[in-house]
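Below: one structure, written as structure tokens.
The values are calculated or read from the model by the stated rules, or taken from the named source; none is laboratory data. The shown structure was predicted, so the numbers you read here are calculated from the model rather than taken from an experiment. We place every Cβ from the backbone using ideal geometry, glycine too, and count neighbours over all the protein chains shown.
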Amino acid sequence: MNSSYLEILLAACVLLLPFLYESSQACRYYLRFTIYYVWVMFFSVCLIPIMALKPGDVRNFLYAAFCCKHISSVLGLKWILRGKEHLEVERACIIVSNHQSSIDVLGLFDIWQIMDKCTVVAKKELLYAGPFGIAAWLCGLIFIDRVHSHSARNSVNEAAEIVKRKKTKLWIFPEGTRRNTSEIHSFKKGAFHMAISAQIPILPVVITNYYFLDSKQKRFDCGKYNKNTCESSRVVCRECYNDNFTTDFDRGNGCRRY
């Protein structure tokens with residue numbers, strides 16, 4: 001009898017879901033993010049055995065990107081890349097970008113094949129996010145402990161030397177916390193100190209405002225903008241730092257100009 005009630009309840013939920021999706025803004029918001037996270041977790045589990053063959057190899061990210069970039073189409077997202085030529089170059093560099101939402105990662109998945117060898121700096125807590133954390137570690141993602149600044153500094157400095165030696169791009173969100181406020185907030189200095197110390201260029205990347213997303217109002221309204229897609233333009237600017245900055249004065253000016 002209990003199983004019958006459970007089946008009826010499950011059937012009712014399935015039948016109500018399309019109605020709730022169309023009528024409830026909050027339902028659309030949570031369902032879209034659920035699809036996103038479940039998809040990423042599923043492919044994390046599937047790809048762990050393949051990634052384990054080359055643990056720590058940043059090219060493992062290419063497998064993840066190939067499997068996960070299609071989520072954007074399911075969610076109605078369209079990514080536009082400008083300045084592709086800057087990302088195609090095989091070289092060591094620090095990519096600094098604004099951070100608005102966890103869906104920023106979908107933008108990375110969309111362009112990872114262009115970047116080729118690239119890894120990301122992320123908070124250590126993500127290492128414990130189940131299969132995703134394991135897959136990220138196998139991809140060579142750089143985890144930092146934000147609570148212990150000295151440990152974090154050592155981790156990023158070691159990472160800078162590795163990316164320089166292997167001609168790998170290192171993606172950093174120097175704002176630290178995700179902020180979907182349509183403004184770019186103050187950058188922490190770590191990325192710039194790292195670039196100066198390792199003598200590698202900085203490549204700025206700007207992700208335009210997610211006008212379709214609002215976490216406070218629980219709004220994720222893809223589907224009614226620009227022919228049923230939400231466009232998120234990704235603009236890649238030119239380098240703003242090079243080896244000519246040698247003195248402390250010059251380095252300070254370089255960071256201020258940025």
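Report yes if I103 is over 17 Å from F143 (Cα atoms), at pLDDT 90 or above and buried (at least 20 other Cβ atoms within 10 Å of the Cβ), otherwise no. The answer is yes for I103. Checking each residue of the stretch 110-120 against the condition of being surrounded by fewer than 17 Cβ atoms within 10 Å (Cβ to Cβ) and modelled with pLDDT under 90 gives no match. Restricting attention to the stretch 147-165, the residues being loosely packed, with under 13 Cβ neighbours inside 10 Å and either modelled with pLDDT of 85 or more or touching a Lys or Arg at 6+ places or on another chain (Cβ under 6 Å) (or both) number 1. If I filter the stretch 93-112 for residues that are part of a strand (DSSP E or B) and charged (D, E, K, R), do I get at least one hit? Looking for residues that are part of a strand (DSSP E or B) and charged (D, E, K, R), one finds none in the stretch 93-112, hence no.
Only one of the listed residues (L17, L87, L77, L47) is of a type in the set (A, V, I, L, M, F, W, C) and modelled with pLDDT under 85. That residue is L17. With respect to the conditions (1) at pLDDT 75 or above; (2) among the aliphatic types (A, V, I, L, M); (3) loosely packed, with under 14 Cβ neighbours inside 10 Å, L31 lacks only one, and its number is (3). Within the stretch 202-233, if we keep just the residues that are modelled with pLDDT under 50 and not in a strand (DSSP E or B), the residue that is surrounded by the fewest Cβ atoms within 10 Å (Cβ to Cβ) turns out to be K227. Restricting the stretch 34-64 to residues that are aliphatic (A, V, I, L, M) and outside any helix (DSSP H, G or I), the residue that is surrounded by the most Cβ atoms within 10 Å (Cβ to Cβ) is V58. Scanning the stretch 74-98 for residues that are in contact with a helix residue (DSSP H, G or I) (Cβ under 7 Å, 6 or more places away or on another chain) and closer than 19 Å to H193 by Cα returns A92, I94, V96. Of the residues in the stretch 140-163, how many are touching a strand residue (DSSP E or B) at 6+ places or on another chain (Cβ under 7 Å) and either without any contact (Cβ under 8 Å) to a residue 12 or more places away in the chain or farther than 15 Å from C118 by Cβ (or both)? Final tally of qualifying residues: 6.
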